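Right, one structure below, let's go through it.
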Amino acid sequence: MKVILNDHIEHLGERGDSVVVKPGYANNYLIPKGLAYHDTPGNRRRFGQEQKRWEEMDVQRRGAAEKLAADLEGTKLAFERRAGENNVLFGSVNVADISRELAVRGFEIDRKRVRLEHAIKELGSFDVVVHIHRDIDVTVPVRVVRPGEDPEAAVAEFVAEGVLEVVEEVEDTGEAEGTDNTATAGDEAEVDESPETGTVTQ
């Protein structure tokens, strides 16, 4: 089905683009939410009439995104997790965990905007990208430590032991366990069974 996008849709196109999508995606999601119109001459005229209003709305949304990005800068998240001798977690830290911890700090961010290629399965320090606007990203440091450990001291120890380099190499090759970047029911169950909960440090 051919539709005209009424907003920026990641991995699909910009507002005004005419794209072909599956009918179910168009009829059940894009069109009901006002994100797209059927590509017809009448809707193209409608699109042109709404252009000025949309531009004003986009300026407002970008302003809100810039403020959120400024507020989010400097935020650090720390999670306590039990781990084995090889620093492999008994559980994981996933996008749902990170989204919840951001909400604790007052940042209501859809977990789909938290960019994490793989669930974190090891102790260490990780940079997680939060996609706030189509061209505004903020990098949030995430640290995973054993229960009771100081995040700053633990990370310094990981660097000294060369653990962080190993973690980065595993992530780059995609060999780490838990390659799903979404919070699945299994992930949630795994986290719920863990007696530790994430804590946040500034």
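The values are calculated or read from the model by the stated rules, or taken from the named source; none is laboratory data. Since the model is a prediction, treat every value here as computed from it, not as a measurement. Every residue, glycine as well, gets a Cβ built from its backbone with ideal geometry; the counts of neighbours run over all protein chains shown.
If you go through the stretch 88-97 one residue at a time, do you hit one that is surrounded by fewer than 20 Cβ atoms within 10 Å (Cβ to Cβ), at pLDDT 90 or above and out of contact with any strand residue (DSSP E or B) (no Cβ under 7 Å at 6 or more places or on another chain)?
To start, the set of residues in the stretch 88-97 that are surrounded by fewer than 20 Cβ atoms within 10 Å (Cβ to Cβ) comprises 88, 90, 96.
The next check asks that each one be at pLDDT 90 or above; those that pass are 88, 90, 96.
Within this subset, residues satisfying the condition of being out of contact with any strand residue (DSSP E or B) (no Cβ under 7 Å at 6 or more places or on another chain) are 96.
Yes, the stretch 88-97 has at least one match.
None of Lys22, Lys33 is more than 28 Å from Phe107 (Cβ to Cβ), loosely packed, with under 15 Cβ neighbours inside 10 Å, outside the structural domain of Val145 (by TED's automatic domain parsing) and charged (D, E, K, R) except Lys22. For the stretch 105-141, a residue qualifies if it is in a loop (DSSP other than H, G, I, E, B), within 13 Å of the chain's Cα centre (by Cα) and surrounded by 17 or more Cβ atoms within 10 Å (Cβ to Cβ), and the qualifying residues are Phe107, Ile109, Leu116, His118, Ala119. In the stretch 36-49, the residue that is nearest to Val130 (Cα to Cα) out of those that are surrounded by 12 or more Cβ atoms within 10 Å (Cβ to Cβ) and without any contact (Cβ under 8 Å) to a residue 24 or more places away in the chain is Arg46. A single member of Ala64, Ala96 is within 26 Å of Ile9 (Cβ to Cβ), outside the structural domain of Glu122 (by TED's automatic domain parsing) and of a type in the set (A, V, I, L, M, F, W, C), and it is Ala64. For the stretch 8-19, the tally of residues that are surrounded by 10 or more Cβ atoms within 10 Å (Cβ to Cβ) and either touching a residue at least 24 places away in the same chain (Cβ under 8 Å) or β-branched (Val, Ile, Thr) (or both) stands at 5.
For every residue, the table says whether it meets (1) more than 12 Å from Leu77 (Cα to Cα); (2) modelled with pLDDT under 50.
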| residue | (1), (2) |
| --- | --- |
| Arg113 | yes, no |
| Asp127 | no, no |
| Val145 | no, no |
| Thr201 | no, yes |
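Can you confirm whether the stretch 32-44 contains a residue that is part of a helix (DSSP H, G or I) and touching a Lys or Arg at 6+ places or on another chain (Cβ under 7 Å)? Within the stretch 32-44 (the criterion being part of a helix (DSSP H, G or I) and touching a Lys or Arg at 6+ places or on another chain (Cβ under 7 Å)), the answer is no, since none of the residues qualifies. Just give me the residues in the stretch 71-104 being hydrophobic (A, V, I, L, M, F, W, C), touching a Phe, Trp or Tyr at 6+ places or on another chain (Cβ under 7 Å) and in a helix (DSSP H, G or I), in sequence order. Scanning the stretch 71-104 gives a single hit, Leu72.
Only residues that are among the hydrophobic types (A, V, I, L, M, F, W, C) and without any contact (Cβ under 8 Å) to a residue 60 or more places away in the chain were counted across the stretch 111-146, and they come to 7. The C-beta contact set for the stretch 55-74 (first residue at pLDDT below 90, second residue exposed (fewer than 11 other Cβ atoms within 10 Å of the Cβ), distance under 6 angstrom, 6+ apart or interchain) is empty.
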